Amino acid sequence: MGNRLSKIYTRTGDDGTTGLGDGSRTAKDSRRVEAYGTVDELNSVIGVVIAELNSAEGLEELASLLLDVQHHLFDLGGELCIPESEMIADGHIERLEDELDRLNESLPRLKEFILPGGSPAAAHAHLARTVCRRAERRVIALARHEPVNEPAIRYLNRLSDLLFVVARTAARASGAGEVFWNHERKQG
């Protein structure tokens, strides 16, 4: 692949603009930059989840699954950085759905709301889920004004569901269990 970055700083963004993948420039606070920037943030948070999963016994398979997701998110960021490009497809969504069904099969049915927590890996997966929902909102906001590949939105929607199930799986595997919202607790 060669050297992609010979210098880390270019000074071209000092005026508040950034370069897109098609060579055009846009404001650093544009909807497009906000969308792919939030996808990048999500990818970073998932990296923390992977580190937590790799340090926990028996959760390496989840870490491997999320490493694949990181690659897809990098593709999605590229897709959003290059207007009118398409890298996320229905097959990516189907893979998430297959993994969701497989993981959810071994979990007990939910009867209460779950609070983020249970173990470090579970708490970080919940954090990733909330960042994923924000990324989805940012991509939807972009799609209201500019063309966006429709599977990208569905991918983020399904990914947030997967991260919820990853959090549940990690909490149970840790032995700490899930933290349920107590709606009958004493108020005040």
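The values are calculated or read from the model by the stated rules, or taken from the named source; none is laboratory data. The shown structure was predicted, so the numbers you read here are calculated from the model rather than taken from an experiment. Neighbour counts run over all protein chains shown; Cβ positions are idealised from the backbone, glycine included. SASA here: full protein model, heavy atoms, side chains in, ligands and nucleic acids out. Shrake-Rupley method; radii C 1.70, N 1.55, O 1.52, S 1.80 Å.
Would you work out the relative contact order for segment 63-188, in percent, from Cα pairs under 8 angstrom that are 6 or more residues apart?
In percent, rounded to a whole number, it is 35.
With +1 on each Lys and Arg Cβ and -1 on each Asp and Glu Cβ, how big is the dipole of segment 1-159 about its Cα centre, in debye rounded to the nearest 20? Mind dumping the intermediate values first?
Values: 19 positive and 27 negative charges, 134 e Å.
I would put it at about 640 debye.
Just for the Cα atoms in the chain, what are the lengths along the principal axes, largest first, rounded to whole Å?
Result for the chain: principal-axis Cα extents of 53, 42, 32 Å.
Can you tell me how much longer the chain between THR10 and GLU60 gets when fully stretched, taken as 0.36 nm per residue apart minus their C-alpha distance, in nm with one decimal? Present the calculation step by step, with values, prior to reporting the outcome.
Details: separation 50, 0.36 × 50 = 18.00 nm, distance 3.87 nm.
Extra length from THR10 to GLU60 when fully extended: 14.1 nm.
How large is log10 of I(q)/I(0) for segment 72-152 at q = 0.26 Å⁻¹ when the intensity is taken from the Debye formula with one equal scatterer per alpha-carbon?
Each listed q corresponds, in turn, to -1.29.
In Å², and per residue, what accessible area does the chain have when probed at 1.4 Å with the other protein chains present?
Counting only protein heavy atoms, the per-residue value for the chain is 58 Å².
For SER106 and VAL48 in the same chain, what is the full-extension length gain: residue separation times 0.36 nm, less their Cα-Cα distance, in nm?
Gain on extension, SER106 to VAL48, equals 18.4 nm.
Report Rg/Rh for segment 128-188, rounded to two decimals, where Rg is the Cα radius of gyration and Rh the Kirkwood radius.
Result: Rg/Rh = 1.18.
Which is farthest toward the positive dipole end of the chain among GLY58, SER174, ALA152, measuring Cα position about the Cα centre, with Cβ charges +1 (Lys, Arg) and -1 (Asp, Glu)?
In the chain, that residue is SER174.
Give me the percent of accessible area attributable to carbon and sulfur for segment 35-180, probe 1.4 angstrom.
51
How big is the convex hull of the Cα atoms of segment 75-114, per residue, in Å³?
Taking only Cα atoms, segment 75-114 has a hull volume of 107 Å³ per residue.
Out of GLU94, GLU112, GLU150, any idea which swings most in a Gaussian network model of the chain, alpha carbons joined below 10 Å?
Looking only at GLU94, GLU112, GLU150, the biggest GNM fluctuation is shown by GLU112.
Run the 1.4 Å probe and let me know the accessible area of VAL45, rounded to the nearest 10 Å².
Per-residue accessible area (VAL45): approximately 20 Å².
Using 0.36 nm per residue of separation minus the Cα-Cα distance, give me the extension gain between GLN187 and THR130 in nm, one decimal.
Result for the pair: 17.9 nm of gain on full extension.
At a probe radius of 1.4 Å, what is the per-residue accessible area of THR10, in Å² to the nearest 10?
So the heavy atoms of THR10 present about 90 Å² to solvent.
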